[in-house]
Amino acid sequence: MDNKDLTLREKELRNRKEIFLKALRLAKTPILISLFVTPIRFLLELAGLSENVIFIIGLLWLTLAFAVYWGIKLFSEKRPYLLLILSLIIFSPVSRLTVVVAWWIDTRWEIGTHYSLHFDSFSQAAFQQVVYGSLIQIIPGFIIGSLIIAIMQYRKRLKKANNIILRNDDFN
């Protein structure tokens, strides 16, 4: 009995590890892209572009785009919502680190971009960006991604139902 329990536990641990690794693989490319988004936005702000133009380049928009992509990619997986939320949880805090660096650069050299407006210390900026900023990405990303998964699953069921009806019509 102990060996059976051990193998079940090992299988569960292996399954959890596989899910985590799949989520990590899904988050890898978005993380790499995000490492360029904030520096580009920072440089565009330094170049004097309007905030209205710079606003469209941001981590939230990137998160929403990848949530849509993940929703389309994951809808037929066994645990699509778990993979979506894990990918967002991995991606979001890491993507916010460049914002903390931009805050540090801006406050250190008193450049005057919007990055230095809200925080008084490095720990405050790091906490707010990595925790609160991540939640601002995770929550809408999960909502959008979940909607896409639900729509894609519904379309798949609808297509399957239509195929069954068509096949039944062929036999009549």
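Can you find even one residue in the range 165-172 that is at negative phi and in a loop (DSSP other than H, G, I, E, B)?
Filtering the range 165-172 for residues at negative phi gives 165-172.
Subset that is in a loop (DSSP other than H, G, I, E, B): 172.
Looking for residues that are at negative phi and in a loop (DSSP other than H, G, I, E, B), one finds at least one in the range 165-172, hence yes.
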Residue pairs meeting the criteria (Cβ under 7 Å; at least 6 apart or on separate chains; first part of a helix (DSSP H, G or I), in the range 11-33; second among the charged types (D, E, K, R))
Ile19/Arg79
So which of Ile111, Ile138 ends up being within 20 Å of Ala47 (Cβ to Cβ) and either touching a residue at least 12 places away in the same chain (Cβ under 8 Å) or of a type in the set (Lys, Arg) (or both)?
Ile111
Test Ala65 against the stated conditions and say whether it is free of Cβ contacts under 8 Å to residues at least 40 places away in the same chain, in a helix (DSSP H, G or I) and surrounded by 13 or more Cβ atoms within 10 Å (Cβ to Cβ).
yes
Of all residues in the range 112-129, how many are out of contact with any Phe, Trp or Tyr (no Cβ under 8 Å at 6 or more places or on another chain), more than 18 Å from Ser92 (Cβ to Cβ), modelled with pLDDT of 90 or more and surrounded by 11 or more Cβ atoms within 10 Å (Cβ to Cβ)?
1
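Condition check: surrounded by 17 or more Cβ atoms within 10 Å (Cβ to Cβ), among the hydrophobic types (A, V, I, L, M, F, W, C), over 28 Å from Arg157 (Cα atoms) and touching a helix residue (DSSP H, G or I) at 6+ places or on another chain (Cβ under 6 Å). Does Phe42 satisfy that?
Numbers: surrounded by 17 or more Cβ atoms within 10 Å (Cβ to Cβ): yes; among the hydrophobic types (A, V, I, L, M, F, W, C): yes; over 28 Å from Arg157 (Cα atoms): yes; touching a helix residue (DSSP H, G or I) at 6+ places or on another chain (Cβ under 6 Å): yes.
Against the criterion (surrounded by 17 or more Cβ atoms within 10 Å (Cβ to Cβ), among the hydrophobic types (A, V, I, L, M, F, W, C), over 28 Å from Arg157 (Cα atoms) and touching a helix residue (DSSP H, G or I) at 6+ places or on another chain (Cβ under 6 Å)), Phe42 qualifies.
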Go over the candidates Ile151, Ile143, Ile165 one by one and state the one that is at pLDDT below 95, farther than 21 Å from Phe55 by Cα and exposed (fewer than 14 other Cβ atoms within 10 Å of the Cβ).
Ile165
With the structure loaded, tell me whether Ile90 is assigned to a helix (DSSP H, G or I) and either buried (at least 17 other Cβ atoms within 10 Å of the Cβ) or in contact with a Gly (Cβ under 7 Å, 6 or more places away or on another chain) (or both) or whether it fails that test.
yes
Scan of the range 27-43 for residues that are closer than 23 Å to His114 by Cβ and among the charged types (D, E, K, R), ordered by number
Arg41
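Among the residues of the range 80-100, is any of a type in the set (Ser, Thr, Tyr), over 22 Å from Ser34 (Cα atoms) and under 19 Å from the mean Cα position of the chain (by Cα)?
Of the residues in the range 80-100, the ones of a type in the set (Ser, Thr, Tyr) are 81, 87, 92, 95, 98.
Checking the rest, the ones that are also over 22 Å from Ser34 (Cα atoms) come to 81.
Still in the running and under 19 Å from the mean Cα position of the chain (by Cα): 81.
Looking for residues that are of a type in the set (Ser, Thr, Tyr), over 22 Å from Ser34 (Cα atoms) and under 19 Å from the mean Cα position of the chain (by Cα), one finds at least one in the range 80-100, hence yes.
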If we scan the range 46-61, do we find a residue that is assigned to a helix (DSSP H, G or I), under 23 Å from Ile149 (Cα atoms), touching a helix residue (DSSP H, G or I) at 6+ places or on another chain (Cβ under 9 Å) and in contact (Cβ under 8 Å) with a residue 24 or more places away in the chain?
yes
Please enumerate the residues belonging to the range 107-135 that are under 28 Å from Gly48 (Cα atoms) and under 11 Å from the mean Cα position of the chain (by Cα).
Ser134
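The values are calculated or read from the model by the stated rules, or taken from the named source; none is laboratory data. Predicted, not measured: the structure shown is a model, and the values here were computed from it. Reconstructed Cβ throughout: ideal geometry from the backbone, glycine too, with neighbour counts over all protein chains shown.
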